[in-house]
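The values are calculated or read from the model by the stated rules, or taken from the named source; none is laboratory data. Everything quoted here is computed from the prediction, not taken from an experiment. Cβ placement follows ideal geometry from the backbone for every residue including glycine, while neighbour counts extend to all protein chains displayed. When the accessible area is computed, the model is the full protein with side chains, heavy atoms only, and any ligands, DNA or RNA have been set aside. Shrake-Rupley method; radii C 1.70, N 1.55, O 1.52, S 1.80 Å.
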Amino acid sequence: MKTPPDLQHLVDDGVIDEVLQSLKSGKEATVYVVRTGADLRCAKVYRNMAQRSFQKRAQYQEGRKVRGSRQARAIGKSTSFGRKEQEAAWKNAEVDALYQLVAAGVRVPRPHGYFDGVLIMELVTDPTGNPAPRLGEVDLPPETAREYHTFLIKQVVRMLCIGLVHGDLSEFNVLVAPDGPVIIDLPQAVNAAGNNAALAMLERDVNNLRSTLGRFAPELLATEFAREMWSLYEQGELRPESELTGVFARDETLVDPDAVMLVIDDAREEEVQRQLRLAS
């Protein structure tokens, strides 16, 4: 295919040799399959703030670290410099998260570098070498659904152990590789300790997995893993090897109205996006 303008400088600089096809065009970025030497990889081109159809709310960036006090003040005042820094921080968030998660043993695409707004990373494929399908695009036998659920819950635990919550985990952000699920799309990753809505987002992530895989293994629908792992996290007792039961007695008096409204609003928008994908 013709090289997109956003990738031409990487071809000119020899970072990639050829752009083969467009893989995904979403609300935050466009992903291409590219060739680098003998390897096939993904090139994720992030949209600028003005181009993004899904404007992330301030709650997602709450608790994120910036480079220094000058940048923090500028972002807080929303100056032109501050908006530029905020945009850079948004685009860097997924890159930083991927390197942290790979080091922590979480199954995510392995990053191969970040070049002027373009993330080069592992291409996750199916057994035939084609791009892997998303979790929402496959039918699973009950046993496999249970295995995938167990694996993904462990991945969420590993993420939380290093202080991260995906924030947008669903059937659309999990790929099915021959060796199991791979978690993708992390530009909205949340600082678990510094974000007041982290628990609500964690619960939504875990419950999305529960609903998706519960279609094939209905007994999963009765599980409560999010609150259980969060309780251990708050007590400083959560470990990657922690054995969870999926049973947790909710304390319904602990309600954060703002966090609940955030989840409701995002769930509505997610459903609109889902219907658009199904219609196309």
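Calculate the FRET efficiency for Asp13 and Phe151 from the Cβ-Cβ distance with a Förster distance of 41 Å, rounded to the nearest 0.05.
0.60
Per the 1.4 Å probe, what fraction of the accessible area of the range 158-228, in percent, lies on carbon and sulfur atoms?
Here carbon and sulfur together make up 52 percent of the probe-accessible area.
What figure, in Å² to the nearest 10, do you get for the accessible area of Lys154 with a 1.4 Å probe and non-protein molecules left out?
Around 110 Å² of this residue is reachable by solvent.
Using mean Cβ contacts within 10 Å as the protection proxy, how do 195-203, 132-140 order, highest first?
195-203, 132-140
Taking the Cα-to-Cβ direction at Val138 and at Leu276 and moving 7 Å from each Cα, how far apart do the two end points lie in nm?
Placing both labels 7 Å along Cα→Cβ, they lie 2.7 nm apart.
Pop out the Kirkwood hydrodynamic radius of the range 139-223 from its pairwise C-alpha distances, inverse of mean 1/r, in Å to one decimal. Write down the numbers at each step before the final one.
Values: mean 1/r = 0.0764 Å⁻¹.
Taking every pair of different Cα atoms in the range 139-223, averaging 1/r and inverting gives 13.1 Å.
Figure the gain on full extension for Asn130 and Ile264 (residue separation times 0.36 nm, minus the Cα-Cα span) and round it to one decimal in nm. Walk me through the intermediate numbers first.
Details: separation 134, 0.36 × 134 = 48.24 nm, distance 3.55 nm.
Full extension of this stretch gives 44.7 nm more.
Would you rank Asp168, Asp39 by solvent-accessible area, highest first, keeping every protein chain in place and using a 1.4 Å probe? Provide the component values of the computation, followed by the final result.
Values: Asp168 20, Asp39 75 Å².
Descending order: Asp39, Asp168.
At 37 °C and 0.692 mPa s, what whole-number value in µm²/s does Stokes-Einstein give for the translational diffusion of the range 107-167, with Rh from the Kirkwood sum over Cα pairs?
So the translational diffusion coefficient is about 233 µm²/s.
Using a 1.4 angstrom probe with every protein chain in place, what is the largest-first accessible-area order of His9, His166?
His9, His166
Just to be sure I understand the model, the point goes 7 Å from the Cα along the line to the Cβ. What's the resulting Asp116 to Ala103 distance in nm?
2.8
Could you tell me the calculated FRET efficiency between Lys2 and Ala177, based on Cβ-Cβ distance and R0 = 25 angstrom, to the nearest 0.05?
For Lys2 and Ala177, the calculated efficiency is 0.30.
How would the range 114-256 be classified by its alpha-carbon gyration tensor: rounded, prolate or oblate, with rounded meaning a/c under 1.5 and the a/b versus b/c comparison settling the rest? Please list the in-between numbers first.
Details: a/c = 2.04, a/b = 1.25, b/c = 1.63.
Note, shape of the range 114-256 comes out oblate.
Working out 0.36 nm times the residue gap between Ser22 and Ala222, then minus their Cα-Cα distance, what length gain in nm do you get to one decimal?
This chain segment gains 68.1 nm when fully extended.
Rank these by accessible area, largest first, 1.4 Å probe: Phe151, Phe225.
From most accessible down to least: Phe151, Phe225.
Among residues other than Gly37 whose Cβ falls under 13 Å from its Cβ, what is the net charge (Lys/Arg +1, Asp/Glu -1)?
Once all neighbours under 13 Å are counted, the net charge is -1.
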